[in-house]
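What follows is a single structure, written as structure tokens, with notes after it.
The values are calculated or read from the model by the stated rules, or taken from the named source; none is laboratory data. Keep in mind that this is a model prediction, so the values were computed, not measured. Note that we place each Cβ from the backbone using ideal geometry, even for glycine, and neighbour counts take in every protein chain shown.
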Amino acid sequence: MTQLPTHTEKKLGLVIDLDTCVGCHACVISCKGWNTENYGAPLSDQDPYGADPSGTFLNRVHSYEVQPAQGDAQLIHFPKSCLHCEDAPCVTVCPTGASYKRVEDGIVLVNESDCIGCGLCAWACPYGAREMDAAEGVMKKCTLCVDRIYNENLPEVDREPSCVRTCPSNARHFGDLGDPNSDVSKLVAERGGMDLMPEQGTKPVNQYLPPRLKDRLAQDEDQIDILAPYLAPVATETKGFLSWLDKTLEKL
Amino acid sequence: MTHIQPTLDLSPKVSDEVRKTTCYMCACRCGINVHMKKDPLGDLKVAYIEGNRDHPVNKGVLCAKGSAGIMQHNAPSRLKSPMKRVGERGEGKFEDISWEEAYSIAESWLRPIRETNPEKLAFFTGRDQSQSFTSLWAQSFGTPNYAAHGGFCSVNMAAAGIYTMGGAFWEFGQPDWDHTKLFMLFGVAEDHDSNPIKMGIGKIKKRGARIIGVNPIRTGYNAVADDWVGITPGTDGLFILSMIHCLMKAGKIDLHYLAQYTDAAVLINGDEKSPEFGLKLRDDNGKELVIDRNTGKPAPFDKKGVKPDLAATMRVAGVTHRPVFHQMADMYLDEQYAPEAVADRCGISAKRIRTLAAELARVAFDEAFELEHEWTDFRGEHHTSMTGRPVSFHAMRGISAHANGFQTCRALHTLQIILGTVEVPGGFRFKPPYPKPATAHPKPHCKVTPNAPLDGPHLGFVHGPDDLALKEDGSPARIDKAFTWENPMSSHGLMHMVISNAYAGDPYKIDTLFMYMANMSWNSSMNTTGVQDMLTDKDESGEYVIPRIIYSDAYSSEMVAYADLILPDTTYLERHDCISLLDRPICEADAVADAIRWPVVEPDRNVKGFQSALCDLGARLGLPAFTNVDGSQKYADYADYIVNHERRPGVGPLAGWRMGENGLQGGRGSPNESQLDNYIENGGFFVEHIPDGANYYKPWNADYQDWAVKMGLYDSPQPYLFSLYSEPMRKFQLAAEGHGERQPPDHLRARIKEKMSPLPIWYETDQQGNEGFTVTALTQRPMAMYHSWGSQNAWLRQLHGCNPMYLPSNLMREHDLSDGDWAEITSPHGAITVPVMEMAALNANTIWTWNAIGKRKGAWALDEKAPEATKGFLLNHLIHELLPPKGDGLRWANSDPITGQAAWFDLKVAIKKVAAPADAQSQPNMPPINSPVGKGPSELKWKVGQ
């Protein structure tokens, strides 16, 4: 089995804002486009125009309905890709050393030339974040766009994962979560960022920002309406209203 | 195994070349960087598409549709050649022909029509992004029968906006994302201005501003809204008028704004005996009159220094003329709009309506602020700052696709205006060429002369009965009956009625139906099965009732099978286009902008951009706009037209890099032969910013007005008042009351009197025939799909490959349904049998499904077993283009009686649990059509570069 590095210099990862993600799938397809054309084998699609289309994606958006104890049900969009865990079970389970975690930045990658397609890593990942490419027979996963983030052929502003660059609502953020002063670490601190399934003990690097409290303007019938003074009537009928109007206009 | 890691190339080559053009995956029209790589043969191929960071619309971001453009461009469903039908209509059997043969067939059909009666051609376009061009072609041909698809899309929103405030939502305006603190959106489909709205939501959330979503369904934008109001469909107008009631009653209205910038102070003729009763009083120059608070005397609204009085009345010869605002007080203070009176119908508690109205008031007035921009208004008054009211609104099809949609949209604009939030910092802002009042737009034209152009543009804005498109005998001039008493203010036409009316010969028969990018035999028609029958039915002589159909599309859509002649269009990466200020531009509230598409790759099939084909065909037919004086072809192709056409002297399709006296300039100027190269060099677009101080209060801001004239948006300054009171509507009412020469038919008098209220009202839509059908049924668009196009895209169809009918939890229980069960959904018109799924975040009396996922077997190069074709379905089968017969022998359109907007969302249904169909397929299950392009491959391993 394969060892993790004892320490990584950075902890590069994503911060995903569940309060802002509208579930548009822009990140899913941008990722598919970039990673089909770049790192390793293309992300293939089987039966792409047929009865059961099934392709390789490194990032998918799931939607969950949540029913709070009181009030209306809510819909949460939940993008999910590799979380680049510090204790990545997908690496330690790999029989060939193809799965590895980079010392420099903590990115978890698959060296496709060493991958025998056994699929153990996908079984070991508690998040279901790895997908076997059916055409190539190798394991595919989020690379955090390792071929973009340092790429000197790209303008500096574009050296970020394609999902982050494309996200229309700015729900995805990229940076070093090992540096408490980074923008992403500050965002996590400010918004109460969370580990996904911490009980699994994988110490995920990616963080999720929880949705803010919803439906604050929907109150129980017996609750006191603090906004009520805003609607205190100036008059109850046209005549009274017009006299209020005349008086008010005088003051303008 | 100890830790080892390979050495990676961290700076691989990204591409061989980046070509910048404009996306075509929806009406958003983002800038894209198309990364090209050499394939093994050394040819440059499209490898990867990303957003263009410099582009004014998307600033680098791109949605799923845009990023999947490579799969659209390479879709196996692309048409390959001109074709003529060889089987029966609807079979999909075609023979490839040359362009020469295609043109000569088209010419042989169209020339005799033009020489004898041009109205026999009906030319309608669907997802057309070149309407200023296609309308010019139709006008030059001489037919009155032209429109694009606005009539079945969201004309209520466009027309209500322009009639009320000289600009609309759609992509023609935007919230002031930098300053707004409360953003309220109603019924927004996620395909107009979609990336800017998503960017805006991200931006305002980052600042801690809040969003209220009003929509029966809590998905997409509504899912991230801070507050969700799950309103009952069709009652938005009532909810809005109730909030107006609360705000007026509490005096939480912007009196200064109402007095200065709107017609609230304009005097209305109060003489019940006058033929001008209810019209605005005007001076000898036609200027609306107000009482000036300085003098107490009447004065034209725009007189220097005038202070319009909202309260004062004028008494002349025993008659009292009152200002608009008095009538608003009469109307909206009435208890019929009290929250308690509307709560049940809207499905929103009275308390919540009050809370929402109070929150609007709190933010608009307590959080008001000043922007330090000096400006001068149209009355010459100088202001040292601009007052901001940080409440903004946006709305689209959800509130407009109802038969009460026009008045609902007007009500929403009234709410915006009484809060003083339009064109102010923090509020809703217009994008150039808006603001532009309805009176500055053309009126509709319909005068037909054989062998000659129409007498003017087809579409426009009517201002009273005199502007209707009627023939001498009073019958409709247009095949879709736009601009008639049935729907007088139908500014976008009624595309959804064209086939139905042509088939019925009502108001007359046509000879050739010519359509572009409009899937009328499938998801773009109400009553899909009926429309298929109309397209294939023959008369006693064995001829098709609609004799000839020409269709242009890039893809093997369902409509292809129903045409006689196919003109294959290119993909968006193979064509020239202009995103023009003459059309639906891509401006920002702070800037004027336009853009192009250009062939980043040449087509590898025998196809041609449709607009270029129209240049050829127009010249063959000798249309004046497409022919030189010597009879030769005027525009070699669409690119030639884009560069050289001038709509008015100095104003052409593109505003960038025009030739001025001192070289190239933006705005006005003569044609520049290198214009397209200038655009390509600049990343495919042109942008010029509005000067600071001119960029708010635009309808009344002298600096903006002057800038707009300079840019060629207007020919002279056009300051105006917002129309809370719609005089054109009052004129139609007057006609219905018996005034004037042009009189409505008697069966429409009562309806016109009631529905054409010059102040917004709410009314229940026609419920005849709906007994027993109590549940509202809607469709929504997935953000990752555009109309029917997404399903041919190998990547996107993996996101949205099926469309269950979503039912709220209470209806699932009531009908003993579980996820995956089947239900028969019936309406007064038809029945479908479909799989169901539970959704809790949904109005309790509403069911819905994704729009246009269901596909006809054989279309779009999909396998006949594709889930879109087996389980997928259309709600369209339940919706008729006509209302149920009333027994009077008349055909009543299922449309808004004011604008003719297709009332898709008025649908009421009943639900019944049924056993799964024997074939486990959604019903109706139509037989396959033959695919003229074959089927797609069984595997994709896409990689252009090595």
Residues located in the range B:712-728, provided they are in contact with a helix residue (DSSP H, G or I) (Cβ under 8 Å, 6 or more places away or on another chain), at pLDDT 95 or above and not hydroxyl-bearing (Ser, Thr, Tyr): B:Leu721, B:Phe722, B:Leu724, B:Pro728
In the range B:730-772, residue surrounded by the most Cβ atoms within 10 Å (Cβ to Cβ) [restricted to those that are without any contact (Cβ under 8 Å) to a residue 60 or more places away in the chain and of a type in the set (Gly, Ala, Ser)]: B:Ala736
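Condition check ((1) at the interface with chain B (Cβ under 8 Å from one of its Cβ atoms); (2) buried (at least 17 other Cβ atoms within 10 Å of the Cβ)) across all residues:
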residue	(1), (2)
A:Ser30	yes, yes
A:Pro53	yes, yes
A:Gln74	yes, yes
A:Ser81	no, yes
A:Cys85	no, yes
A:Ile107	no, yes
A:Cys115	no, yes
A:Gly119	no, no
A:Tyr127	no, yes
Test result for A:Ser162, within 14 Å of chain B (Cβ to nearest Cβ) and either of a type in the set (A, V, I, L, M, F, W, C) or under 30 Å from B:Lys59 (Cβ atoms) (or both): yes
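Matching residues to (1) closer than 30 Å to A:Arg191 by Cβ; (2) in a strand (DSSP E or B); (3) at pLDDT 95 or above:
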{"site": "A:Gly13", "(1), (2), (3)": "yes, yes, yes"}
{"site": "A:Ser30", "(1), (2), (3)": "yes, no, yes"}
{"site": "A:Asn35", "(1), (2), (3)": "yes, no, yes"}
{"site": "A:Pro42", "(1), (2), (3)": "no, no, yes"}
{"site": "A:Gly50", "(1), (2), (3)": "no, no, yes"}
{"site": "A:Phe57", "(1), (2), (3)": "yes, no, yes"}
Pick from the range B:62-82, criterion within 23 Å of the chain's Cα centre (by Cα) and within 7 Å of chain A (Cβ to nearest Cβ), ranking: farthest from B:Asn793 (Cα to Cα): B:Leu62
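So which residues in the range B:590-625 are aromatic (Phe, Trp, Tyr) and either buried (at least 23 other Cβ atoms within 10 Å of the Cβ) or without any contact (Cβ under 8 Å) to a residue 40 or more places away in the chain (or both)? Working first, answer last.
So in the range B:590-625, the residues aromatic (Phe, Trp, Tyr) come out as B:598, B:610.
Listed by number, the list holds a single entry, B:Phe610.
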Cβ-Cβ under 8 Å pairs, at least 6 apart or on other chains, the range B:1-26 side over 23 Å from A:Leu154 (Cβ atoms), far side aliphatic (A, V, I, L, M): B:Met1/A:Met1; B:His3/A:Leu4; B:His3/A:Val103; B:Met25/B:Ala68
Residue selected from the range A:213-252 under the condition more than 19 Å from B:Ser242 (Cα to Cα) and of a type in the set (S, T, N, Q), by the criterion nearest to the other protein chains (Cβ to nearest Cβ): A:Thr248
Every residue from the range B:275-292 that is in a loop (DSSP other than H, G, I, E, B) and either surrounded by 20 or more Cβ atoms within 10 Å (Cβ to Cβ) or among the aliphatic types (A, V, I, L, M) (or both): B:Gly278, B:Leu279, B:Leu281
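Are any residues in the range B:398-417 among the small types (Gly, Ala, Ser) and either over 18 Å from B:His149 (Cβ atoms) or in contact with a His (Cβ under 7 Å, 6 or more places away or on another chain) (or both), and if so, which ones?
The first filter runs over the range B:398-417 and keeps only residues among the small types (Gly, Ala, Ser), leaving B:398, B:400-401, B:403, B:405, B:411.
The answer is B:Ala403, B:Ala411.
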Checklist (1) surrounded by fewer than 19 Cβ atoms within 10 Å (Cβ to Cβ); (2) in contact (Cβ under 8 Å) with a residue 40 or more places away in the chain; (3) closer than 23 Å to B:Tyr697 by Cβ applied to B:Arg345, failing item: (3)
From B:Ile549, B:Ile499, residue being under 27 Å from B:Gln129 (Cα atoms) and in contact (Cβ under 8 Å) with a residue 60 or more places away in the chain: B:Ile549
Failed criterion for B:Thr355 (all others in (1) of a type outside the set (Lys, Arg); (2) surrounded by 17 or more Cβ atoms within 10 Å (Cβ to Cβ); (3) farther than 22 Å from B:Leu185 by Cβ; (4) free of Cβ contacts under 8 Å to residues at least 40 places away in the same chain hold): (3)
Residues within the range A:59-72 that are at the interface with chain B (Cβ under 9 Å from one of its Cβ atoms) and not in a strand (DSSP E or B), tallied: 2
Residue in the range A:175-193 that is under 22 Å from the mean Cα position of the chain (by Cα), surrounded by 24 or more Cβ atoms within 10 Å (Cβ to Cβ), touching a residue at least 60 places away in the same chain (Cβ under 8 Å) and within 11 Å of another protein chain (Cβ to nearest Cβ) present: no
Some residue of the range B:620-628 being part of a helix (DSSP H, G or I) and β-branched (Val, Ile, Thr): no
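Filter the range A:15-28 down to residues that are closer than 24 Å to A:Met139 by Cβ and either assigned to a strand (DSSP E or B) or within 7 Å of chain B (Cβ to nearest Cβ) (or both), then give me how many there are.
As a first pass, look at the range A:15-28 and keep what is closer than 24 Å to A:Met139 by Cβ: A:16, A:25, A:27-28.
Still in the running and either assigned to a strand (DSSP E or B) or within 7 Å of chain B (Cβ to nearest Cβ) (or both): A:16, A:25, A:28.
Selection size over the range A:15-28: 3.
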Residues (surrounded by fewer than 19 Cβ atoms within 10 Å (Cβ to Cβ) and within 10 Å of chain A (Cβ to nearest Cβ)) located in the range B:845-889: B:Glu864, B:Lys865
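If I filter the range B:359-411 down to residues being in a helix (DSSP H, G or I) and of a type in the set (Lys, Arg), which single residue comes out as modelled with the lowest pLDDT?
Filtering the range B:359-411 down to residues in a helix (DSSP H, G or I) leaves B:359-366, B:397-400, B:405-411.
Okay, now just the ones that are also of a type in the set (Lys, Arg), so B:362, B:397, B:410.
On the way: B:Arg362: 97, B:Arg397: 89, B:Arg410: 98.
So the residue we want is B:Arg397.
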Hits in the range A:199-212 (condition: more than 14 Å from every other protein chain (Cβ to nearest Cβ) and either touching a residue at least 12 places away in the same chain (Cβ under 8 Å) or in a loop (DSSP other than H, G, I, E, B) (or both)): A:Gln200, A:Gly201, A:Thr202, A:Lys203, A:Pro204, A:Val205, A:Asn206, A:Gln207, A:Tyr208
Of all residues making up the range A:161-215, the number that are among the acidic types (Asp, Glu), under 24 Å from B:Ala223 (Cα atoms) and touching a strand residue (DSSP E or B) at 6+ places or on another chain (Cβ under 8 Å): 2
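Which of the residues that make up the range B:534-546 are assigned to a helix (DSSP H, G or I) and either without any contact (Cβ under 8 Å) to a residue 12 or more places away in the chain or under 28 Å from the mean Cα position of the chain (by Cα) (or both)?
Those that are assigned to a helix (DSSP H, G or I) and either without any contact (Cβ under 8 Å) to a residue 12 or more places away in the chain or under 28 Å from the mean Cα position of the chain (by Cα) (or both): B:Met534, B:Leu535.
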Those residues of the range A:129-157 which are assigned to a loop (DSSP other than H, G, I, E, B), more than 8 Å from chain B (Cβ to nearest Cβ) and surrounded by fewer than 17 Cβ atoms within 10 Å (Cβ to Cβ), in sequence order: A:Ala134, A:Gly137, A:Pro155
Residue identified as closer than 25 Å to B:Gly622 by Cα, surrounded by 15 or more Cβ atoms within 10 Å (Cβ to Cβ) and among the small types (Gly, Ala, Ser) among B:Ala702, B:Ala708, B:Ala639: B:Ala639
Condition broken by B:Ser716, with the remaining ones in (1) closer than 30 Å to B:Pro308 by Cβ; (2) within 23 Å of the chain's Cα centre (by Cα); (3) of a type outside the set (Asp, Glu); (4) part of a loop (DSSP other than H, G, I, E, B) satisfied: (2)
